[in-house]
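A short worksheet on the structure shown next.
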Amino acid sequence: MEQQTPVIFAKDLLVHWQGHRSLTRRVIEAFPEEQLFQYSIGGMRPFAAMAMELIRLASLGITGMHTGKWDVYDSPLLVKDTPPATKEEILQLWDTLTTKIDTIWPQIRPERFQEVDKAFGMYEGVVSSLMLYWIDNENHHRGQGYVYLRSLGIEPPPFWDR
């Protein structure tokens, strides 16, 4: 059996992910309240909807990484009768999730990152690869947020400042 050499250690991957999440948080903050929830271009969703997708995916994903349970209905962080109606509520969810990730991450068994799992009963892959998809997805949506902000005449935060 071929021995694998880690390219990135788990603690460094967490720093990388949380760096992206910190930048996305600043993009959310840069939006005026009304435009966060209503503004769109070319049929894309408002950035608030994208932010909630990112929150949901990361919240359910970190639990799935840790426990192997990918229940789309099992997220105390997201169980609410109504979606967030203010930027502050979205930012509070974002911050709560940051704490959740920082708390759960050290509990993930090192070998778990290389196990094959089926996220949400649909997406099969190595757990670390599934997680890299979440980062890619966040980068994609953050890029849409940058386009929105620029079209509103607002300079977004520097993309390299993670």
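The values are calculated or read from the model by the stated rules, or taken from the named source; none is laboratory data. Because the structure is predicted, anything quoted here is derived from the model rather than measured. Neighbour counts run over all protein chains shown; Cβ positions are idealised from the backbone, glycine included. Keep in mind that these areas ignore ligands, DNA and RNA; they rest on the heavy atoms of the full protein, side chains included. Shrake-Rupley method; radii C 1.70, N 1.55, O 1.52, S 1.80 Å.
Work out from phi, with θ = phi - 60° and the Karplus expression 6.51 cos²θ - 1.76 cosθ + 1.60, the ³J(HN,Hα) of each residue of the stretch 93-98, listed in order in whole Hz, and give x for Gly and Pro.
4, 4, 5, 4, 5, 4
Any idea what the dipole of the stretch 89-162 comes to, in debye rounded to 20, about its Cα centre with Lys/Arg Cβ at +1 and Asp/Glu Cβ at -1? Kindly include the intermediate steps, with their values, before the conclusion.
Numbers: 7 positive and 11 negative charges, 9 e Å.
Charge dipole, the stretch 89-162, about its Cα centre: 40 debye, nearest 20.
May I ask you to order 29-35, 49-55 by the average number of other C-beta atoms within 10 Å around their residues, highest value first? Spell out each step's value before the answer.
Numbers: 29-35: 15.6, 49-55: 19.7.
So the peptides 29-35, 49-55, ranked by packing, come out 49-55, 29-35.
Using a cut-off of 9 Å between beta-carbons, work out the net charge of the residues near His20 (Lys and Arg +1, Asp and Glu -1, His20 not included). All intermediate terms of the calculation are to be shown ahead of the outcome.
On the way: positive: Arg21, Arg142, Arg162; negative: Glu138.
So the environment of His20 carries a net charge of +2.
Pop out the ³J(HN,Hα) list for the stretch 110-117 in order, Karplus 6.51 cos²θ - 1.76 cosθ + 1.60 with θ = phi - 60°, rounded to Hz; leave Gly and Pro as x.
For the stretch 110-117, the Karplus-derived couplings read x, 5, 4, 4, 9, 6, 8, 9 Hz, x marking Gly and Pro.
So for the stretch 50-162, averaging the separation of alpha carbon pairs under 8 Å that are six or more residues apart and normalising by length, what relative contact order in percent results? Don't skip to the end; give the middle numbers.
Numbers: 80 pairs, mean separation 30.1, N = 113.
The normalised contact order for the stretch 50-162 reaches 27 percent.
Stretched out fully, how many nm does the piece from Val126 to Glu155 gain, at 0.36 nm a residue minus the Cα gap?
Details: separation 29, 0.36 × 29 = 10.44 nm, distance 3.73 nm.
Here the segment from Val126 to Glu155 would lengthen by 6.7 nm.
For Asp117 and Glu88, compute 0.36 nm times the residue count separating them, minus their Cα-Cα distance, and round to one decimal in nm. Walk me through the intermediate numbers first.
Working: separation 29, 0.36 × 29 = 10.44 nm, distance 3.47 nm.
That works out to 7.0 nm of additional length.
Hey, what's the chain come to in accessible area per residue, 1.4 Å probe, Å²? Don't jump to the answer; show the numbers that get you there.
Details: 9170 Å² over 162 residues.
Counting only protein heavy atoms, the per-residue value for the chain is 57 Å².
Can you spot the lysines whose alpha carbon is less than 18 Å from Lys87's alpha carbon? Ignore those fewer than 8 places along the same chain.
Cross-link targets: none qualify.
I want the local charge near Glu33. Using Cβ-Cβ distances under 13 Å, sum +1 for each Lys or Arg and -1 for each Asp or Glu among the other residues. Before the final figure, lay out each step's value.
Details: positive: Lys87; negative: Glu29, Glu34, Glu88, Glu89.
Combined, the nearby Lys, Arg, Asp and Glu give -3.
What percentage of the solvent-accessible surface of the chain, computed with a 1.4 Å probe over protein heavy atoms, is contributed by carbon and sulfur atoms?
Carbon with sulfur: 56 percent of the solvent-accessible area.
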